[in-house]
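Peer 1: Have a look at this one before I ask anything.
The values are calculated or read from the model by the stated rules, or taken from the named source; none is laboratory data. What you see is a predicted model, and the numbers here were worked out from it, not measured in a lab. Every residue, glycine as well, gets a Cβ built from its backbone with ideal geometry; the counts of neighbours run over all protein chains shown.
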Amino acid sequence: MRNLDFISEERRAVISNIGEALAKGDSFAKVELSDPRPNEEEIKKVILPFDNKRRSPVSKCKAYFARILAENFTKAVNKDTSIVGLDNALDITGGAIITANHYNPTDSTPIRMMASLMGKGKKLHIIVQQSNIFMTGLFGFLMKNCNTHPVSKNAEYTVKNLNPAIEDILKRGNLLLIYPEQEMWYNYKKPRSLRDGAYHYAALLGVPIIPTFTEMRALPGERDKDGFLPIKHILHILPPIYPDKNLSVRENRVIMQTKDYNMRKELYESVYGIPLTDDFTPERDIAGITL
């Protein structure tokens, strides 16, 4: 890695963590330094009883205000964001699962733009890591309340709480954003390996996957507080992937997961004009370091 002294110390550490994870073949590794790391007691207290269906009046009220904040924030941070391929999503009438690359704390906002363009009847719900629920401040408020649903390794929570909520969301014709890459890798441009949860739910509940991939282009301008150049985001909406009613859930999961990854790979190679390789070069693979 060349000298990146113009990048903040924390971000340099994250870049180093990404390189180490890739060297180990682990594209699902947690690389951020400041993510909350709740213990088992905190998870039992906060995650197990989480109101995924927003049944209580307090939960409904908080969700209402969180959505207003998120919509305003989305407009503020996406003034220069472009969306390509919206026609691929407009014919979907029922519920659907959206998959996306996970590259920034605000990377759900282009998806929120997309959801609003698909029709007023579709609400966007987001699967988040359980650690996000323990964030504080305004961002923590949004993580807890903006139609977010924490995923956990706790089997009891998943079966009794999360799964029924996901089924309800999709049966009502709404949109569910899932990040199959699992962890956020800041400004990482390449598509990564995909966890199978999104495709399992799509196959099990008979709904399509809407694959998306956000391209990042550094622009000339003043570097931000972490040393990164301004970045233009281009959300690519790819053709939907439908489960085959004649195949098993497992067969559909594998096929849908493979199709999604292959489309991401083809798009990456097309928009950046380079082959997708396993090596790691920060100047090439992390957006905003260089033009």
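The rows are residues; the columns are (1) without any contact (Cβ under 8 Å) to a residue 40 or more places away in the chain; (2) surrounded by fewer than 16 Cβ atoms within 10 Å (Cβ to Cβ); (3) more than 26 Å from R112 (Cβ to Cβ).
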position	(1), (2), (3)
H236	no, no, no
P240	no, no, no
P243	no, no, no
Q257	no, no, no
Y261	no, no, no
R264	no, no, no
V271	no, no, no
T277	yes, yes, yes
P282	no, no, yes
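Peer 1: Can you give me the number of residues within the range 135-146 that are in contact with a helix residue (DSSP H, G or I) (Cβ under 7 Å, 6 or more places away or on another chain) and either buried (at least 20 other Cβ atoms within 10 Å of the Cβ) or assigned to a helix (DSSP H, G or I) (or both)?
Peer 2: Count: 6.
Peer 1: For the range 262-291, give me the residue count where each residue is more than 19 Å from the chain's Cα centre (by Cα), part of a helix (DSSP H, G or I) and of a type in the set (S, T, Y).
Peer 2: So in the range 262-291, the residues more than 19 Å from the chain's Cα centre (by Cα) come out as 266, 269-284, 288-291.
Those left that are additionally part of a helix (DSSP H, G or I): 266, 269-272, 282-284.
Those still in the list that are of a type in the set (S, T, Y) too: 270, 272.
Residues flagged as more than 19 Å from the chain's Cα centre (by Cα), part of a helix (DSSP H, G or I) and of a type in the set (S, T, Y) within the range 262-291 amount to 2.
Residue-wise test of (1) of a type in the set (S, T, N, Q); (2) touching a strand residue (DSSP E or B) at 6+ places or on another chain (Cβ under 9 Å); (3) surrounded by 19 or more Cβ atoms within 10 Å (Cβ to Cβ).
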{"site": "K122", "(1), (2), (3)": "no, yes, yes"}
{"site": "I126", "(1), (2), (3)": "no, yes, yes"}
{"site": "P150", "(1), (2), (3)": "no, yes, yes"}
{"site": "E156", "(1), (2), (3)": "no, no, no"}
{"site": "L162", "(1), (2), (3)": "no, yes, yes"}
{"site": "I178", "(1), (2), (3)": "no, yes, yes"}
{"site": "Q182", "(1), (2), (3)": "yes, yes, yes"}
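Peer 1: If you take the residues in the range 90-112 that are over 11 Å from the mean Cα position of the chain (by Cα) and within 18 Å of Y261 (Cα to Cα), which one is surrounded by the most Cβ atoms within 10 Å (Cβ to Cβ)?
Peer 2: My answer is I97.
To keep it simple, each residue is scored yes or no on (1) of a type in the set (A, V, I, L, M, F, W, C); (2) modelled with pLDDT of 95 or more; (3) within 30 Å of R11 (Cα to Cα); (4) part of a loop (DSSP other than H, G, I, E, B).
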residue: S193; (1), (2), (3), (4): no, yes, yes, yes
residue: A198; (1), (2), (3), (4): yes, yes, yes, no
residue: V207; (1), (2), (3), (4): yes, yes, no, yes
residue: M216; (1), (2), (3), (4): yes, yes, yes, no
residue: L229; (1), (2), (3), (4): yes, yes, yes, yes
residue: P239; (1), (2), (3), (4): no, yes, no, yes
residue: D260; (1), (2), (3), (4): no, yes, yes, no
